[in-house]
Every structure is written in C-alpha cells, then in structure tokens.
Amino acid sequence: MTTRRKMLTEEMKQAIRHSAARLFAEKGYPSVTMREIAKEAGCSHTAIYLYFKNKEDLLQQIAMPPLAEMEGRMLE
C-alpha cells in the first residue's frame with residue numbers, strides 16, 4: 001500500500017471513529033446503525049466494513065485509547 005493510500009485509509013478510519021463517537025453520545029449506542037455512521041463519515045454503508053468488523057469492534061476502537069491512557073495515569 002502506498003503512503004498516500006495509507007494516509008487516506010487512516011483519514012477515513014478517523015472520520016468513521018469520530019462520527020461514531022458523536023452519534024453514540026447523541027443517540028446512544030443501541031440506537032445507532034452502521035449505515036448512519038457511514039453516511040455521517042462520508043463513506044458507503046458497505047465500505048465501512050473494510051475498516052471495522054462490526055459496530056462492537058468500532059466501539060472498542062473508540063473506547064480503548066482513552067481507557068489505556070487513564071490506566072497509565074492511574075499507575076503513575
């Protein structure tokens with residue numbers, strides 16, 4: 001994969017994570033569909049599955065970095 005393609009892939013993943021986090025906070029996790037997240041992020045409802053296995057995987061990828069950071073601060 002070229003550097004530009006990697007950059008675009010990471011940008012799309014970030015857009016999806018950002019859109020999902022906003023929608024989860026606004027509507028609640030159970031009420032949000034992958035189709036809504038894809039639309040908000042600007043990708044197709046099928047392309048989102050190239051980046052994330054399912055909604056649970058997406059939630060884990062959103063939640064884990066802040067939790068790991070908090071754990072690190074607690075261990076200091």
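Can you give me the Cα centroid spacing of region 46-76 and region 7-37 in angstrom? Between the Cα centre of region 46-76 and that of region 7-37, the gap is 12 Å.
Under 8 Å for C-alpha pairs, at least 6 residues apart: give me the relative contact order for the chain, rounded to a whole percent. Spell out each step's value before the answer.
Details: 39 pairs, mean separation 20.7, N = 76.
RCO, the chain: 27 percent.
State in Å² the accessible area per residue of the chain; use a 1.4 Å probe, count heavy atoms of protein chains only, and round to the nearest integer. Walk me through the numbers before you get to the answer.
Values: 5590 Å² over 76 residues.
Per residue, the chain has an accessible area of 74 Å².
Here, the chain has an Rg and a Dmax of 13.8, 43 Å when only alpha carbons are counted.
Within the accessible area of the chain, the carbon and sulfur atoms contribute 57%, probe 1.4 Å, all protein chains present.
Given a 1.4 Å probe and the protein chains as shown, residue 35 ends up with an accessible area of around 150 Å².
When nucleic acids and ligands are ignored and a 1.4 Å probe is applied, residue 64 ends up with an accessible area of around 110 Å².
For residue 39, the lysines whose Cα falls under 21 Å of its own Cα, not counting residues fewer than eight places away in the same chain, are 13, 27, 53, 55. Between 23, 58, 50, the residue with the greatest mean-square fluctuation in the GNM of the chain (Cα pairs under 10 Å linked by springs) is 50. Picking from 15, 38, 63, which is most flexible by a Gaussian network model of the chain using Cα springs under 10 Å? Result: 63 has the largest fluctuation of those listed.
The values are calculated or read from the model by the stated rules, or taken from the named source; none is laboratory data. In this text, all values refer to a predicted model and were calculated from it rather than measured experimentally. What goes into the accessible areas is simple: the full protein's heavy atoms, side chains included, and nothing from ligands, DNA or RNA. Shrake-Rupley method; radii C 1.70, N 1.55, O 1.52, S 1.80 Å.
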